[in-house]
Amino acid sequence: MLDIALKISLALVLIAILLNTYRLSVGPDMPDRILALDTMYVNSIALIVLMGLWLNTKTYFEAALLIAMLGFISTVAVCKYLLRGDIIE
């Protein structure tokens, strides 16, 4: 039962990543593209966690934490650059 739920979840997350890729490439303006990229980070974290559950290993969870930290920092940096024109004050 868990195997079926994991396969369905993987398929749905992959569809969400494809939709995010579309919004990232076609987005009407820059804030929409930044939001699509941030959502893609969240979906990639979900994909890695699901793969860790499916393969029953702990190393995938560490990779998901690393991507979460990098995704947060890069989103903050890009938003500061767009708002102020400078990342470091």
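The values are calculated or read from the model by the stated rules, or taken from the named source; none is laboratory data. All of these numbers come straight from a predicted model, not from anything done at the bench. Glycine also receives a Cβ, built like all others from the backbone with ideal geometry; neighbour counts cover every protein chain displayed. The accessibility values were calculated without ligands, DNA or RNA, using every heavy atom of the protein model including side chains. Shrake-Rupley method; radii C 1.70, N 1.55, O 1.52, S 1.80 Å.
Do any helices (runs of 4 or more DSSP H) lying entirely in the chain carry at least 2 residues that are open to solvent by less than 50 Å² (accessible area, probe 1.4 Å) and basic (Lys, Arg), and which ones are they?
Helices (runs of 4 or more DSSP H) meeting the threshold: none at all.
Can you run down the residue pairs with Cβ atoms below 8 Å, 6 or more apart or on separate chains, where the first is in the stretch 68-89 and farther than 20 Å from Ser44 by Cα and the partner is aliphatic (A, V, I, L, M)?
Final answer for the pair search is Cys79/Ile34; Lys80/Ile87; Tyr81/Ile87; Leu82/Met30; Leu82/Ile34; Ile87/Ala77.
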